[in-house]
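J.: Questions regarding the structure given below will be posed in turn.
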Amino acid sequence: MSVLSLAALSLTVLITSFISGILGMAGGMILMGVLLAMLPVPAAMMLHGLTQMASNGWRAWLWRRHIDWRVMGGYVLGALAAISVFFGIAIVVSKPIAYILLGLTPYVSYILPQRLALNVDRPRQPFLCGAVCTSVQMLAGVAGPLLDVFFVRSQLDRRGVVATKAMSQAFGHLLKVIFFGTISYSAVGRVGDGLSIGLVATCIACAFMGTTLSKSVLERMTDANFRQWTKWTVFSVGTIYLLWGTWQLLRQS
């Protein structure tokens with residue numbers, strides 16, 4: 001990777017980690033799209049997973065007092081159930097399909113009828129959240145918009161939402177790194193083909209910086225503004241990815 005590309009990617013990681021630190025999501029969607037444009041799918045998934053694991057893990061630590069551990073327990077069990085299935089089928093989607101899945105995620109998560117409304121406050125919903133979000137994460141790379149719909153009706157305030165989502169996403173990205181690392185090793189005999197230690201370290205450092213800078217901004221936001229900006233951002237980014245993936249798919253046909 002050239003110096004210019006590395007600088008551009010580092011800035012992207014910094015900005016997207018800052019966005020995720022404020023909204024609890026959206027930054028990962030933007031970063032995933034950029035990485036898919038620069039790297040093969042397995043390498044993009046791994047670098048995204050490592051970067052977001054650092055970003056979300058640090059964010060979870062900063063807001064650790066607000067994590068809902070009841071939700072986390074169910075989420076972890078659901079995530080482990082889902083990843084066991086994916087290890088059995090070992091599927092990797094193409095770039096256009098990954099973009100389309102990224103774009104569809106916000107829409108699917110918000111059009112569910114009221115009778116099927118998702119809410120982590122309800123019994124068994126944290127397990128469902130972990131299973132569904134991990135499955136989407138293995139296919140599209142991110143599941144932030146879908147994860148958000150499980151929290152949007154909960155009684156948690158913005159700090160609780162950001163903290164619990166950060167912890168769950170950090171765990172989900174850890175599973176993603178393990179899964180695609182295994183895929184990469186099986187295919188070429190190396191883990192993270194196309195990635196270097198310097199690239200990974202730089203991205204992680206930028207993720208820490210962006211997350212740290214976002215903390216003071218979240219403190220000044222209201223819960224209403226937090227939810228409004230989250231919804232507007234993920235729908236805008238999702239629409240762009242949906243159109244881009246569809247166009248790429250049509251070009252290949």
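J.: Under the rule a/c < 1.5 gives rounded, and otherwise a/b versus b/c splits prolate from oblate, where does the stretch 1-109 land using the Cα gyration tensor?
T.: On the way: a/c = 1.82, a/b = 1.15, b/c = 1.58.
Oblate is the answer for the stretch 1-109, as a/c is 1.5 or above yet b/c matches or exceeds a/b.
J.: Below 13 angstrom from the Cβ of PHE18, what's the summed charge of the other residues (Lys, Arg +1; Asp, Glu -1)?
T.: Details: positive: ARG59, LYS215; negative: none.
After counting each charged neighbour, the total is +2.
J.: Still on this structure, I have one more. Highest first, please rank the peptides 237-245, 210-218 by the mean number of other Cβ atoms sitting within 10 Å of their residues.
T.: On the way: 237-245: 19.3, 210-218: 17.7.
Highest mean packing first, the order is 237-245, 210-218.
J.: Quick check: Cα centre of the stretch 117-131 to Cα centre of the stretch 7-38, how many Å?
T.: The distance from the Cα centre of the stretch 117-131 to that of the stretch 7-38 comes to 27 Å.
J.: Sticking with this one: Summing +1 for each Lys or Arg and -1 for each Asp or Glu, what net charge is found among the other residues whose Cβ lies under 15 Å from the Cβ of PHE208? Provide the component values of the computation, followed by the final result.
T.: Values: positive: ARG59, LYS215; negative: none.
Surrounding charge for PHE208 is +2.
Values quoted throughout were computed directly from the atomic coordinates according to the rules given, and no laboratory measurement underlies them. All values derive from a computational prediction rather than experimental measurement. Don't worry about glycine lacking a Cβ; one is built from the backbone with ideal geometry, like all the others, and counts go over all protein chains shown.
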